[in-house]
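Engineer: The following block contains the structure, expressed as C-alpha coordinates.
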Amino acid sequence: MSIPLLDLKAQYLELKDELDSAVGDVMSSAGFIGGPRVRELETAIAEYCGTKHAVACGNGTDALFLILHALGIGKGDEVITTPFTFIATAEAIAHVGATPVFVDIEPDTYNVDVSQVEAAITEHTRAIMPVHIFGQCADMDPINEIAKRHGLRVIEDACQAIGATYEGKRAGSLADVAAFSFFPSKNLGCAGDGGIITTDDDEIAAACRKMANHGTTVKYYHDTIGVNSRLDALQAAILLVKLPHLNRWNAERRAATAVYDELLADTSLGLPVTREYGEHVYHLYIVRSPERDRIMDALKAAGVGTAAYYPVPLHRQEALGHLGYAEGSLPVAEAACPQTFALPAFPGITREQQDVVVAALLEAGV
Ligand SMILES: *Cc1c(COP(=O)(O)O)cnc(C)c1O
(Lines give C-alpha, C1' and ligand atoms only; values in the text may rest on other atoms or scores of the structure.)
Protein backbone atom coordinates (compact mmCIF):
# COMPACT_ATOMS: atom_id res chain seq x y z
CA MET A 1 0.00 0.00 0.00
CA SER A 2 1.43 3.36 -1.02
CA ILE A 3 0.42 6.33 1.14
CA PRO A 4 0.83 9.92 -0.06
CA LEU A 5 1.84 12.73 2.28
CA LEU A 6 -1.40 14.45 1.28
CA ASP A 7 -4.31 12.94 -0.67
CA LEU A 8 -5.87 15.82 -2.60
CA LYS A 9 -7.56 13.47 -5.06
CA ALA A 10 -9.62 11.88 -2.28
CA GLN A 11 -10.73 15.34 -1.16
CA TYR A 12 -11.87 16.16 -4.69
CA LEU A 13 -13.77 12.88 -5.07
CA GLU A 14 -15.53 13.46 -1.72
CA LEU A 15 -17.04 16.71 -3.03
CA LYS A 16 -16.87 16.07 -6.78
CA ASP A 17 -20.50 16.80 -7.68
CA GLU A 18 -20.65 20.06 -5.72
CA LEU A 19 -17.24 21.22 -6.94
CA ASP A 20 -17.94 20.40 -10.58
CA SER A 21 -21.27 22.19 -10.42
CA ALA A 22 -19.74 25.28 -8.75
CA VAL A 23 -17.06 25.42 -11.44
CA GLY A 24 -19.70 24.92 -14.14
CA ASP A 25 -21.76 27.81 -12.77
CA VAL A 26 -18.80 30.19 -12.98
CA MET A 27 -18.03 29.03 -16.52
CA SER A 28 -21.64 29.67 -17.59
CA SER A 29 -21.69 33.07 -15.88
CA ALA A 30 -18.48 34.01 -17.76
CA GLY A 31 -17.54 36.37 -14.89
CA PHE A 32 -14.04 35.27 -14.04
CA ILE A 33 -12.36 38.02 -12.02
CA GLY A 34 -13.98 39.35 -8.85
CA GLY A 35 -17.77 39.22 -8.78
CA PRO A 36 -20.33 37.74 -6.39
CA ARG A 37 -18.47 34.50 -5.53
CA VAL A 38 -15.37 36.44 -4.46
CA ARG A 39 -17.43 38.85 -2.32
CA GLU A 40 -19.31 35.90 -0.80
CA LEU A 41 -16.02 34.20 0.06
CA GLU A 42 -14.68 37.37 1.68
CA THR A 43 -17.78 37.61 3.85
CA ALA A 44 -17.58 33.92 4.76
CA ILE A 45 -13.88 34.04 5.68
CA ALA A 46 -14.31 37.23 7.73
CA GLU A 47 -17.13 35.55 9.60
CA TYR A 48 -15.15 32.33 10.04
CA CYS A 49 -12.09 34.13 11.41
CA GLY A 50 -14.09 36.63 13.42
CA THR A 51 -12.83 39.79 11.71
CA LYS A 52 -14.59 42.80 10.26
CA HIS A 53 -12.89 42.51 6.85
CA ALA A 54 -11.44 39.93 4.51
CA VAL A 55 -9.72 40.96 1.28
CA ALA A 56 -9.07 38.25 -1.29
CA CYS A 57 -5.87 38.31 -3.34
CA GLY A 58 -3.70 36.23 -5.64
CA ASN A 59 -1.83 34.09 -3.09
CA GLY A 60 -0.49 34.03 0.48
CA THR A 61 2.82 35.64 -0.45
CA ASP A 62 0.98 38.56 -2.03
CA ALA A 63 -1.24 38.79 1.05
CA LEU A 64 1.88 39.40 3.17
CA PHE A 65 3.30 41.85 0.63
CA LEU A 66 0.02 43.79 0.37
CA ILE A 67 -0.21 44.02 4.17
CA LEU A 68 3.35 45.34 4.54
CA HIS A 69 2.73 47.86 1.78
CA ALA A 70 -0.58 48.95 3.33
CA LEU A 71 1.21 49.53 6.66
CA GLY A 72 3.73 51.76 4.88
CA ILE A 73 6.61 49.44 5.70
CA GLY A 74 9.52 49.74 3.26
CA LYS A 75 13.13 50.73 2.77
CA GLY A 76 15.10 51.16 5.99
CA ASP A 77 12.47 49.36 8.07
CA GLU A 78 12.93 46.08 9.93
CA VAL A 79 10.38 43.34 10.48
CA ILE A 80 11.01 40.70 13.13
CA THR A 81 10.10 37.16 12.10
CA THR A 82 11.08 33.50 12.40
CA PRO A 83 13.72 31.64 10.36
CA PHE A 84 11.76 28.36 10.56
CA THR A 85 9.15 28.95 7.86
CA PHE A 86 8.58 28.94 4.12
CA ILE A 87 10.65 31.51 2.20
CA ALA A 88 7.52 33.56 1.36
CA THR A 89 7.47 35.09 4.86
CA ALA A 90 10.86 36.77 4.38
CA GLU A 91 10.37 37.27 0.64
CA ALA A 92 7.40 39.57 1.23
CA ILE A 93 9.44 41.63 3.71
CA ALA A 94 12.32 41.89 1.22
CA HIS A 95 9.96 42.80 -1.66
CA VAL A 96 8.75 45.97 0.07
CA GLY A 97 12.41 46.90 0.60
CA ALA A 98 12.44 46.17 4.33
CA THR A 99 14.86 43.89 6.20
CA PRO A 100 13.77 40.64 7.83
CA VAL A 101 15.24 40.27 11.31
CA PHE A 102 15.24 36.67 12.46
CA VAL A 103 14.64 35.53 16.02
CA ASP A 104 15.25 31.91 17.05
CA ILE A 105 12.46 29.41 17.68
CA GLU A 106 11.14 27.27 20.51
CA PRO A 107 12.72 23.81 20.33
CA ASP A 108 9.42 21.96 20.83
CA THR A 109 6.73 23.89 18.89
CA TYR A 110 9.10 25.42 16.30
CA ASN A 111 7.22 28.72 16.68
CA VAL A 112 9.12 31.96 17.28
CA ASP A 113 10.65 32.15 20.77
CA VAL A 114 8.79 35.10 22.23
CA SER A 115 11.36 35.54 25.01
CA GLN A 116 13.91 36.59 22.36
CA VAL A 117 11.76 39.06 20.44
CA GLU A 118 12.28 42.15 22.53
CA ALA A 119 16.08 42.00 22.27
CA ALA A 120 15.76 42.12 18.46
CA ILE A 121 13.89 45.45 18.44
CA THR A 122 15.85 48.44 17.13
CA GLU A 123 14.91 52.00 16.21
CA HIS A 124 14.15 50.68 12.69
CA THR A 125 11.72 47.95 13.77
CA ARG A 126 8.20 48.51 12.43
CA ALA A 127 6.46 45.18 12.85
CA ILE A 128 6.56 41.65 14.22
CA MET A 129 5.47 38.87 11.87
CA PRO A 130 4.96 35.59 13.73
CA VAL A 131 4.17 32.48 11.69
CA HIS A 132 1.68 29.95 13.09
CA ILE A 133 3.95 27.14 12.02
CA PHE A 134 2.52 23.76 11.02
CA GLY A 135 -0.94 24.88 12.20
CA GLN A 136 -0.28 25.91 15.81
CA CYS A 137 -0.59 29.56 16.77
CA ALA A 138 2.46 31.39 18.01
CA ASP A 139 2.14 32.72 21.57
CA MET A 140 0.28 35.87 20.57
CA ASP A 141 -0.51 37.56 23.91
CA PRO A 142 3.12 38.34 24.80
CA ILE A 143 3.87 39.25 21.17
CA ASN A 144 0.99 41.76 21.11
CA GLU A 145 2.04 43.09 24.50
CA ILE A 146 5.64 43.70 23.35
CA ALA A 147 4.38 45.32 20.14
CA LYS A 148 2.06 47.61 22.06
CA ARG A 149 4.85 48.72 24.37
CA HIS A 150 7.13 49.54 21.42
CA GLY A 151 4.51 50.94 19.04
CA LEU A 152 4.90 48.10 16.51
CA ARG A 153 2.40 46.41 14.22
CA VAL A 154 1.76 42.67 14.44
CA ILE A 155 1.11 40.68 11.26
CA GLU A 156 0.09 37.03 11.50
CA ASP A 157 1.45 34.74 8.82
CA ALA A 158 -1.52 32.41 9.24
CA CYS A 159 -0.98 30.60 5.92
CA GLN A 160 -0.71 27.19 7.63
CA ALA A 161 -3.26 27.79 10.36
CA ILE A 162 -6.77 28.47 9.09
CA GLY A 163 -9.12 27.29 11.84
CA ALA A 164 -6.46 27.18 14.57
CA THR A 165 -7.36 28.98 17.80
CA TYR A 166 -5.58 30.94 20.51
CA GLU A 167 -7.37 31.70 23.79
CA GLY A 168 -10.65 30.87 22.05
CA LYS A 169 -10.11 33.17 19.05
CA ARG A 170 -9.30 32.03 15.54
CA ALA A 171 -6.04 32.64 13.72
CA GLY A 172 -6.53 35.69 11.52
CA SER A 173 -8.12 37.69 14.35
CA LEU A 174 -5.17 37.66 16.76
CA ALA A 175 -3.24 40.76 15.64
CA ASP A 176 -3.53 43.90 13.51
CA VAL A 177 -3.86 41.92 10.30
CA ALA A 178 -3.27 38.42 8.96
CA ALA A 179 -2.38 36.60 5.75
CA PHE A 180 -3.80 33.26 4.58
CA SER A 181 -2.90 31.11 1.60
CA PHE A 182 -5.26 28.87 -0.36
CA PHE A 183 -2.42 26.99 -2.05
CA PRO A 184 -3.83 23.52 -2.83
CA SER A 185 -1.94 21.73 -0.04
CA LYS A 186 -3.01 24.16 2.72
CA ASN A 187 -5.78 23.13 5.14
CA LEU A 188 -8.24 25.07 2.97
CA GLY A 189 -6.90 24.87 -0.56
CA CYS A 190 -8.22 25.96 -3.95
CA ALA A 191 -7.40 24.59 -7.41
CA GLY A 192 -4.52 26.94 -8.09
CA ASP A 193 -3.17 29.96 -6.25
CA GLY A 194 -5.23 32.08 -3.90
CA GLY A 195 -4.92 34.10 -0.72
CA ILE A 196 -6.81 36.36 1.65
CA ILE A 197 -6.13 39.09 4.22
CA THR A 198 -8.16 39.42 7.43
CA THR A 199 -8.33 42.48 9.68
CA ASP A 200 -10.65 44.58 11.84
CA ASP A 201 -8.94 47.76 10.61
CA ASP A 202 -10.91 49.67 7.94
CA GLU A 203 -7.86 51.53 6.66
CA ILE A 204 -5.64 48.48 6.32
CA ALA A 205 -8.42 46.61 4.52
CA ALA A 206 -9.04 49.49 2.10
CA ALA A 207 -5.33 49.98 1.41
CA CYS A 208 -4.80 46.26 0.72
CA ARG A 209 -7.83 46.13 -1.58
CA LYS A 210 -6.66 49.16 -3.53
CA MET A 211 -3.05 47.97 -3.85
CA ALA A 212 -4.20 44.53 -5.02
CA ASN A 213 -6.26 46.08 -7.79
CA HIS A 214 -3.75 48.31 -9.61
CA GLY A 215 -3.88 51.07 -6.99
CA THR A 216 -7.42 51.99 -7.95
CA THR A 217 -10.75 52.45 -6.25
CA VAL A 218 -12.39 54.13 -9.26
CA LYS A 219 -11.82 52.22 -12.48
CA TYR A 220 -9.12 53.74 -14.72
CA TYR A 221 -8.19 56.41 -12.14
CA HIS A 222 -4.95 55.58 -10.33
CA ASP A 223 -3.42 57.64 -7.56
CA THR A 224 -0.87 55.01 -6.52
CA ILE A 225 1.06 52.32 -8.37
CA GLY A 226 -0.46 49.02 -7.35
CA VAL A 227 -0.16 45.42 -8.44
CA ASN A 228 -2.49 42.84 -9.96
CA SER A 229 -3.24 40.36 -7.22
CA ARG A 230 -6.84 39.20 -7.34
CA LEU A 231 -8.63 35.99 -6.53
CA ASP A 232 -10.56 34.61 -9.47
CA ALA A 233 -14.18 33.54 -9.33
CA LEU A 234 -13.40 29.87 -10.03
CA GLN A 235 -11.17 29.68 -6.96
CA ALA A 236 -13.71 31.51 -4.81
CA ALA A 237 -16.48 29.13 -5.94
CA ILE A 238 -14.32 26.12 -5.09
CA LEU A 239 -13.38 27.55 -1.68
CA LEU A 240 -17.05 28.25 -0.87
CA VAL A 241 -17.82 24.57 -1.43
CA LYS A 242 -14.90 23.49 0.75
CA LEU A 243 -15.15 25.97 3.64
CA PRO A 244 -18.13 24.26 5.36
CA HIS A 245 -15.98 21.10 5.60
CA LEU A 246 -12.88 22.78 7.03
CA ASN A 247 -13.64 22.21 10.72
CA ARG A 248 -14.34 18.53 10.12
CA TRP A 249 -11.14 18.14 8.09
CA ASN A 250 -9.14 19.86 10.82
CA ALA A 251 -10.75 17.54 13.39
CA GLU A 252 -9.79 14.54 11.21
CA ARG A 253 -6.19 15.82 11.14
CA ARG A 254 -6.24 16.04 14.94
CA ALA A 255 -7.68 12.53 15.23
CA ALA A 256 -4.97 11.16 12.96
CA THR A 257 -2.25 12.91 14.93
CA ALA A 258 -3.62 11.52 18.19
CA VAL A 259 -3.22 8.02 16.73
CA TYR A 260 0.42 8.68 15.85
CA ASP A 261 1.04 10.28 19.24
CA GLU A 262 -0.07 7.06 20.86
CA LEU A 263 1.56 4.57 18.49
CA LEU A 264 4.89 6.42 18.41
CA ALA A 265 5.04 7.36 22.10
CA ASP A 266 7.63 4.70 22.94
CA THR A 267 9.95 5.43 20.02
CA SER A 268 12.93 7.78 19.99
CA LEU A 269 11.11 10.17 17.60
CA GLY A 270 10.46 13.68 18.85
CA LEU A 271 6.69 14.16 18.55
CA PRO A 272 4.74 17.43 18.08
CA VAL A 273 4.09 19.45 21.23
CA THR A 274 0.76 21.23 21.63
CA ARG A 275 0.40 24.28 23.83
CA GLU A 276 -2.60 24.60 26.16
CA TYR A 277 -3.55 28.01 24.77
CA GLY A 278 -5.30 26.86 21.64
CA GLU A 279 -6.34 24.27 19.12
CA HIS A 280 -3.73 23.00 16.65
CA VAL A 281 -4.90 22.28 13.08
CA TYR A 282 -1.89 20.16 12.10
CA HIS A 283 -1.20 21.54 8.66
CA LEU A 284 1.72 19.13 8.99
CA TYR A 285 2.49 16.40 11.53
CA ILE A 286 6.19 16.99 12.14
CA VAL A 287 8.43 14.48 13.92
CA ARG A 288 12.10 14.76 14.70
CA SER A 289 15.11 12.48 14.64
CA PRO A 290 18.89 12.88 14.29
CA GLU A 291 18.60 10.04 11.77
CA ARG A 292 16.04 11.85 9.65
CA ASP A 293 17.55 11.22 6.24
CA ARG A 294 17.92 7.49 6.78
CA ILE A 295 14.36 7.23 8.17
CA MET A 296 12.93 9.26 5.29
CA ASP A 297 14.69 6.97 2.79
CA ALA A 298 13.16 3.95 4.53
CA LEU A 299 9.69 5.52 4.44
CA LYS A 300 10.03 6.32 0.73
CA ALA A 301 11.21 2.77 0.02
CA ALA A 302 8.07 1.53 1.82
CA GLY A 303 5.85 3.80 -0.32
CA VAL A 304 5.13 6.27 2.48
CA GLY A 305 5.04 9.96 1.54
CA THR A 306 7.27 12.22 3.61
CA ALA A 307 9.14 15.51 3.25
CA ALA A 308 11.67 17.54 5.21
CA TYR A 309 10.32 20.76 6.79
CA TYR A 310 12.40 22.90 6.60
CA PRO A 311 15.76 21.69 5.31
CA VAL A 312 17.42 25.14 5.50
CA PRO A 313 16.45 27.94 7.92
CA LEU A 314 15.76 31.24 6.18
CA HIS A 315 18.70 33.09 7.74
CA ARG A 316 21.01 30.55 6.07
CA GLN A 317 19.39 30.68 2.62
CA GLU A 318 21.66 31.88 -0.17
CA ALA A 319 19.06 34.46 -1.26
CA LEU A 320 19.32 36.12 2.16
CA GLY A 321 23.09 35.72 2.50
CA HIS A 322 23.56 39.50 2.30
CA LEU A 323 21.92 39.78 5.74
CA GLY A 324 25.09 38.24 7.14
CA TYR A 325 23.76 35.66 9.61
CA ALA A 326 26.67 33.33 10.45
CA GLU A 327 26.34 29.60 11.01
CA GLY A 328 25.38 29.08 14.65
CA SER A 329 23.66 32.46 14.96
CA LEU A 330 20.21 30.90 15.50
CA PRO A 331 21.16 27.53 16.99
CA VAL A 332 17.70 26.16 17.82
CA ALA A 333 16.42 26.56 14.26
CA GLU A 334 19.69 25.27 12.85
CA ALA A 335 19.51 22.17 15.05
CA ALA A 336 15.92 21.45 14.00
CA CYS A 337 16.35 21.81 10.24
CA PRO A 338 18.40 18.62 9.62
CA GLN A 339 16.09 16.57 11.88
CA THR A 340 12.45 17.45 11.21
CA PHE A 341 10.13 15.74 8.72
CA ALA A 342 6.43 15.21 8.04
CA LEU A 343 4.30 12.07 8.22
CA PRO A 344 1.03 11.59 6.29
CA ALA A 345 -1.79 12.93 8.50
CA PHE A 346 -4.26 14.29 5.97
CA PRO A 347 -8.03 14.43 6.56
CA GLY A 348 -9.54 11.03 5.85
CA ILE A 349 -6.35 9.00 6.34
CA THR A 350 -7.44 5.57 7.57
CA ARG A 351 -6.20 3.70 10.61
CA GLU A 352 -4.98 1.00 8.22
CA GLN A 353 -2.85 3.58 6.37
CA GLN A 354 -1.48 4.95 9.63
CA ASP A 355 -0.58 1.41 10.73
CA VAL A 356 1.46 1.04 7.53
CA VAL A 357 3.28 4.32 8.25
CA VAL A 358 4.03 3.25 11.81
CA ALA A 359 5.16 -0.23 10.71
CA ALA A 360 7.58 1.37 8.22
CA LEU A 361 8.95 3.62 10.98
CA LEU A 362 9.39 0.70 13.39
CA GLU A 363 11.03 -1.33 10.62
CA ALA A 364 13.48 1.57 10.24
CA GLY A 365 14.28 1.18 13.95
CA VAL A 366 12.95 4.49 15.26
C1 LIG B 1 2.24 28.68 1.95
C2 LIG B 1 2.85 29.71 2.79
C3 LIG B 1 3.01 31.04 2.35
C4 LIG B 1 2.77 31.48 0.95
O5 LIG B 1 1.55 31.17 0.41
P6 LIG B 1 1.40 31.09 -1.19
O7 LIG B 1 -0.06 31.08 -1.38
O8 LIG B 1 2.07 29.84 -1.63
O9 LIG B 1 2.03 32.30 -1.77
C10 LIG B 1 3.51 31.95 3.26
N11 LIG B 1 3.84 31.61 4.51
C12 LIG B 1 3.73 30.35 4.95
C13 LIG B 1 4.11 30.04 6.36
C14 LIG B 1 3.25 29.36 4.11
O15 LIG B 1 3.16 28.09 4.55
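The values are calculated or read from the model by the stated rules, or taken from the named source; none is laboratory data. As the structure is a computational prediction, the values presented were derived from the model and not from experiment. Reconstructed Cβ throughout: ideal geometry from the backbone, glycine too, with neighbour counts over all protein chains shown. All accessible areas refer to the heavy atoms of the entire protein, side chains included, with ligands and DNA or RNA removed. Shrake-Rupley method; radii C 1.70, N 1.55, O 1.52, S 1.80 Å.
Engineer: Please specify each residue of the stretch 45-78 satisfying the condition of being in contact with a strand residue (DSSP E or B) (Cβ under 6 Å, 6 or more places away or on another chain) and more than 16 Å from the ligand (Cβ to nearest atom).
Structural biologist: Within the stretch 45-78, Ala46, Cys49, Gly50, Thr51, His53, Leu71, Ile73, Asp77, Glu78 qualify.
Engineer: In the stretch 255-290, which residues are without any contact (Cβ under 8 Å) to a residue 40 or more places away in the chain and either closer than 20 Å to Val356 by Cβ or within 16 Å of the ligand (Cβ to nearest atom) (or both)? If you could, list the steps in order and put the result at the bottom.
Structural biologist: Initial filter on the stretch 255-290 (without any contact (Cβ under 8 Å) to a residue 40 or more places away in the chain): 255, 258, 261-262, 265-266, 271, 276.
Listed by number, the residues that qualify are Ala255, Ala258, Asp261, Glu262, Ala265, Asp266, Leu271.
Engineer: Just to be sure before I move on: is Ile225 open to solvent by less than 10 Å² (accessible area, probe 1.4 Å), hydrophobic (A, V, I, L, M, F, W, C) and more than 11 Å from the ligand (Cβ to nearest atom) in the structure I sent? Show your work before the answer.
Structural biologist: Details: open to solvent by less than 10 Å² (accessible area, probe 1.4 Å): no; hydrophobic (A, V, I, L, M, F, W, C): yes; more than 11 Å from the ligand (Cβ to nearest atom): yes.
In short, no.
Engineer: May I ask you to list the residues in the stretch 26-42 that are open to solvent by less than 90 Å² (accessible area, probe 1.4 Å) and part of a helix (DSSP H, G or I)?
Structural biologist: Correct list: Val26, Ser29, Arg37, Val38, Glu40, Leu41, Glu42.
Engineer: I'd like to verify a number: residues in the stretch 129-142 that are in contact with a helix residue (DSSP H, G or I) (Cβ under 6 Å, 6 or more places away or on another chain) and part of a helix (DSSP H, G or I), how many?
Structural biologist: Initially, the stretch 129-142 is screened for residues in contact with a helix residue (DSSP H, G or I) (Cβ under 6 Å, 6 or more places away or on another chain), giving 130-131, 139, 142.
Narrowing further to those that are part of a helix (DSSP H, G or I): 142.
The qualifying residues number 1.
Engineer: Moving on. Counting only residues that are in a helix (DSSP H, G or I) and acidic (Asp, Glu), which one in the stretch 75-128 is nearest to Gly278 (Cα to Cα)?
Structural biologist: Within the stretch 75-128, the first condition is being in a helix (DSSP H, G or I), and the residues that meet it are 88-95, 114-116, 118-120.
Now drop any that are not acidic (Asp, Glu), which leaves 91, 118.
On the way: Glu91: 28, Glu118: 23 Å.
Selected residue: Glu118.
Engineer: Scan (1) without any contact (Cβ under 8 Å) to a residue 24 or more places away in the chain; (2) surrounded by fewer than 17 Cβ atoms within 10 Å (Cβ to Cβ) for the single condition Lys210 breaks and write down its number.
Structural biologist: Only one criterion is unmet by Lys210, namely (2).
Engineer: Here is a follow-up. Search the stretch 51-69 for residues that are over 20 Å from Thr216 (Cβ atoms) and pair each with any residue that is part of a helix (DSSP H, G or I) and near the ligand (Cβ under 7 Å from one of its atoms) when their beta-carbon atoms are under 8 Å apart and the residues are at least 6 apart or on different chains.
Structural biologist: Pairs that qualify, where the first residue is over 20 Å from Thr216 (Cβ atoms) and the partner is part of a helix (DSSP H, G or I) and near the ligand (Cβ under 7 Å from one of its atoms), are Gly60/Ala88; Thr61/Ala88; Leu64/Ala88; Leu64/Thr89.
Engineer: I'd like the residue in the stretch 43-70 that is open to solvent by less than 30 Å² (accessible area, probe 1.4 Å) and among the β-branched types (Val, Ile, Thr) and, out of all such residues, is nearest to Arg170 (Cα to Cα).
Structural biologist: Thr51
Engineer: Failed condition for Thr81, given (1) within 16 Å of the ligand (Cβ to nearest atom); (2) of a type outside the set (A, V, I, L, M); (3) open to solvent by 10 Å² or more (accessible area, probe 1.4 Å), with all others met?
Structural biologist: Here Thr81 meets the rest and fails (3).
Engineer: Here's something else I'd like to know. Quick check on the stretch 165-185. Is at least one of its residues surrounded by fewer than 17 Cβ atoms within 10 Å (Cβ to Cβ), within 18 Å of Gly58 (Cα to Cα), at pLDDT 95 or above and away from the ligand (no atom under 13 Å from the Cβ)?
Structural biologist: no
Engineer: A follow-up question, please. Of all residues in the stretch 92-147, how many are touching a Pro at 6+ places or on another chain (Cβ under 9 Å), in contact (Cβ under 8 Å) with a residue 40 or more places away in the chain and surrounded by fewer than 17 Cβ atoms within 10 Å (Cβ to Cβ)?
Structural biologist: 1
Engineer: I'm trying to understand the selection: among the residues of the stretch 228-247, which are of a type outside the set (Lys, Arg), crowded, with 16+ Cβ neighbours inside 10 Å and more than 19 Å from Ser21 (Cβ to Cβ)?
Structural biologist: Those that are of a type outside the set (Lys, Arg), crowded, with 16+ Cβ neighbours inside 10 Å and more than 19 Å from Ser21 (Cβ to Cβ): Ser229, Leu231, Leu246.
Engineer: Mind listing just one residue for me: the one in the stretch 11-25 that is in contact (Cβ under 8 Å) with a residue 24 or more places away in the chain and open to solvent by less than 50 Å² (accessible area, probe 1.4 Å) and, of those, nearest to the ligand (Cβ to nearest atom)?
Structural biologist: Among them, the one singled out is Gln11.
Engineer: With Ser29, Ser2 as the choices, which residue is more than 30 Å from Pro107 (Cα to Cα), touching a Gly at 6+ places or on another chain (Cβ under 6 Å) and touching a residue at least 60 places away in the same chain (Cβ under 8 Å)?
Structural biologist: On the way: Ser29 fails: touching a Gly at 6+ places or on another chain (Cβ under 6 Å).
Answer to the check: Ser2.
Engineer: Against the condition of a type in the set (Asp, Glu) and within 28 Å of Leu234 (Cα to Cα), how does Glu118 come out, does it pass? Please lay out each step first, then the result.
Structural biologist: Values: of a type in the set (Asp, Glu): yes; within 28 Å of Leu234 (Cα to Cα): no.
In short, no.
Engineer: Select from the stretch 272-294 the residues that are under 17 Å from Ala335 (Cβ atoms) and crowded, with 16+ Cβ neighbours inside 10 Å and list them in ascending order. Don't jump to the end; show me each part of the working.
Structural biologist: We begin by selecting, within the stretch 272-294, every residue under 17 Å from Ala335 (Cβ atoms); these are 272-273, 286-293.
Matches in the stretch 272-294: Pro272, Ile286, Val287, Arg288, Ser289, Arg292.
Engineer: Please enumerate the residues belonging to the stretch 319-336 that are open to solvent by less than 30 Å² (accessible area, probe 1.4 Å) and in contact with a helix residue (DSSP H, G or I) (Cβ under 8 Å, 6 or more places away or on another chain). Lay out the reasoning, then the answer.
Structural biologist: From the stretch 319-336, those open to solvent by less than 30 Å² (accessible area, probe 1.4 Å) are 320, 330, 333, 336; that's our starting set.
Across the stretch 319-336, the qualifying residues are Leu320, Leu330, Ala333.
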